[in-house]
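Enquirer: Here you go, one structure.
The values are calculated or read from the model by the stated rules, or taken from the named source; none is laboratory data. Predicted, not measured: the structure shown is a model, and the values here were computed from it. Positions of Cβ are generated from backbone atoms using ideal geometry, with glycine treated the same way; all protein chains shown enter the neighbour counts.
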C-alpha cells in the first residue's frame, strides 16, 4: 500500500512574483501549482493507494474562484483515477466566523467520489485498491470546538492552550484505542507538535496557539503520523514515524535553505501492527529558489560597484528570487546603482537591494593633546586612526583645505 503525504500548498501566495503576460496569472501562483502538479503526477505514475493532504490548501480563508478551480482540478484528476484523496482542514482553510463553511467543505457538499474531507476529530475508514485503511483526523481546532465559555472563564491564554492540549490528547487516545488493530491506521494532523523546528521567518505561521506533546501523537496504534502546519520538513519520531512533510514552495527568505517536497510511505497490510511500514522517502520538488547575496565591502575599496557585481556573478541567480545586501564600513556615495541592478536582470524577482553601514563609535585621539591642533592637523590624525588609504586621506584633506580657505575668505 503506497501513500503520498503532503501539506501546506498555500495557493494564493503571490509575494515576490509578477504577472505572466500570457496567462494574466501571478508567476508565483504558477510556482505553487507547478509543485502541486509534481505531487499529482507522482501519485498517478506510481499508482498510489491514498493521497493524504494535511491542511492549508489556500493562503486565504476566502480563496478566489480561480484558486478554488485550480485546487479542485488537481484533486479531481486524482479522484477520477480511483485514487482516494484525504483532505484535512488547516487553519488557513477555516473561516473567521464559526457558522461559515470551510474552504474544503464544498467537496463534502458535492459528495465527490474518492474524496474525503475532514474537518472534525474522528476516524475515517477508507477503501483503497490494496485494502482498507483507518485515518484519525486532527484538523485545526478552534477553542470553541473543545471548550465552553464557562470552562475558559478566568483563564489566561496559556492556561486555555494547556486545557486544549489536554482535551486533544485525551480524544486522540480514545480514537486510537478504538481502532481495528487488524487494519493499517494513520493519524493526519494539522497541529504544532513540541520539538518541531520552524524556519526563521514566520510571516504566515504560529501565533499564540496550542502545542501538542510528541507523546500525544506518537502512539503505537498508528503505523504513521502525517503532519501539516509547519513548513519545514522534519522527522520527529521513527517508531512510529511522526513527520511534517513541509510546504511545497518557499514562502519567504526564512525558508531559503529549506528543502521542499512530499513524503511517500509503503505499508504492508498483512503485517501486524508496529511492523507494517517498510519504506519511507522524502521526494524533493523543483521549488523556486530564494537567494540572499551578502557583500562586505572594505573601507579602502576603490571600485565598490565592480566588486559587488563580481560577487553577484559568482552566484547562480537565474530564475531565483534574490535579495542583495551590501555592507559598508562607512557611508558610500559612489555606487553605480543602475549597473548593480542590471547585473541582477536574470533573477526572477529582485526582492530587495539594501545598504548597511557599520555603526562605529567616534574615535578619540588617544594620547594626543588636541587643544593646540588646528582643524586640518586634527582631521589628518583622525583619518589615520581610521586606516584609510593614502588616496582617500589625501582627497579628504584637500577637500577640507578648500572648506577652510572658503571659511577664512568669508570671515
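Enquirer: Can you pull out the residues in the range 77-121 that are modelled with pLDDT under 95, in a helix (DSSP H, G or I) and either surrounded by 13 or more Cβ atoms within 10 Å (Cβ to Cβ) or under 27 Å from the mean Cα position of the chain (by Cα) (or both)?
Expert: Within the range 77-121, 91, 92, 93, 106, 107, 108 qualify.
Enquirer: Here's something else I'd like to know. Let me spell it out: the conditions are (1) on the phi < 0 side of the Ramachandran plot; (2) modelled with pLDDT under 95, and residue 274 meets all of them except one. Which number is the exception?
Expert: Unmet for residue 274, out of (1) on the phi < 0 side of the Ramachandran plot; (2) modelled with pLDDT under 95: (1).
Enquirer: Across the range 1-26, what is the total count of residues that are free of Cβ contacts under 8 Å to residues at least 40 places away in the same chain and outside any loop (DSSP other than H, G, I, E, B)?
Expert: Here the count works out to 2.
Enquirer: Still on this structure, I have one more. I need the full set of residues from the range 135-144 which are in contact (Cβ under 8 Å) with a residue 24 or more places away in the chain and surrounded by fewer than 22 Cβ atoms within 10 Å (Cβ to Cβ), in order please. Don't jump to the end; show me each part of the working.
Expert: Of the range 135-144, the ones in contact (Cβ under 8 Å) with a residue 24 or more places away in the chain are 135-142, 144.
Across the range 135-144, the qualifying residues are 142, 144.
Enquirer: Looking at the range 80-108, which of its residues are touching a helix residue (DSSP H, G or I) at 6+ places or on another chain (Cβ under 9 Å) and closer than 21 Å to residue 44 by Cα?
Expert: Residues satisfying the conditions are 81, 83, 84, 85, 87, 107.
Enquirer: I'd like the full set of residues that are farther than 14 Å from residue 88 by Cα and free of Cβ contacts under 8 Å to residues at least 40 places away in the same chain, limited to the range 214-229.
Expert: Once the filter is applied, which keeps residues that are farther than 14 Å from residue 88 by Cα and free of Cβ contacts under 8 Å to residues at least 40 places away in the same chain, the range 214-229 yields 214, 215, 218.
Enquirer: Among the residues of the range 27-63 satisfying the criterion of being out of contact with any strand residue (DSSP E or B) (no Cβ under 9 Å at 6 or more places or on another chain), more than 14 Å from residue 104 (Cβ to Cβ) and touching a residue at least 24 places away in the same chain (Cβ under 8 Å), which is surrounded by the most Cβ atoms within 10 Å (Cβ to Cβ)?
Expert: Among those residues, the one meeting the criterion is 31.
Listed here are the residues, each with its yes/no results for (1) in the same structural domain as residue 238 (by TED's automatic domain parsing); (2) within 26 Å of the chain's Cα centre (by Cα); (3) over 20 Å from residue 354 (Cα atoms); (4) surrounded by fewer than 16 Cβ atoms within 10 Å (Cβ to Cβ).
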{"residue": "277", "(1), (2), (3), (4)": "yes, no, yes, no"}
{"residue": "297", "(1), (2), (3), (4)": "no, no, no, no"}
{"residue": "303", "(1), (2), (3), (4)": "no, no, no, yes"}
{"residue": "311", "(1), (2), (3), (4)": "no, no, no, no"}
{"residue": "316", "(1), (2), (3), (4)": "no, yes, no, yes"}
{"residue": "323", "(1), (2), (3), (4)": "no, yes, no, no"}
{"residue": "328", "(1), (2), (3), (4)": "no, no, no, no"}
{"residue": "331", "(1), (2), (3), (4)": "no, no, no, yes"}
{"residue": "334", "(1), (2), (3), (4)": "no, no, no, yes"}
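Enquirer: Sticking with this one: Taking the stated definitions as given, is residue 251 surrounded by 22 or more Cβ atoms within 10 Å (Cβ to Cβ) and under 21 Å from residue 27 (Cα atoms)?
Expert: Against the criterion (surrounded by 22 or more Cβ atoms within 10 Å (Cβ to Cβ) and under 21 Å from residue 27 (Cα atoms)), residue 251 qualifies.
Enquirer: Answer yes or no: is there a residue in the range 279-293 that is in the same structural domain as residue 232 (by TED's automatic domain parsing) and under 24 Å from residue 181 (Cβ atoms).
Expert: yes
Enquirer: Could I ask something else about it? Quick one: is residue 29 in a helix (DSSP H, G or I) and either outside the structural domain of residue 135 (by TED's automatic domain parsing) or in contact with a helix residue (DSSP H, G or I) (Cβ under 6 Å, 6 or more places away or on another chain) (or both)? Full working, then the answer.
Expert: On the way: in a helix (DSSP H, G or I): yes; either outside the structural domain of residue 135 (by TED's automatic domain parsing) or in contact with a helix residue (DSSP H, G or I) (Cβ under 6 Å, 6 or more places away or on another chain) (or both): no.
Judged against the criteria, residue 29 is not a match.
Enquirer: From the list 159, 177, which residue is out of contact with any helix residue (DSSP H, G or I) (no Cβ under 7 Å at 6 or more places or on another chain), loosely packed, with under 14 Cβ neighbours inside 10 Å and under 20 Å from residue 218 (Cβ atoms)?
Expert: 177
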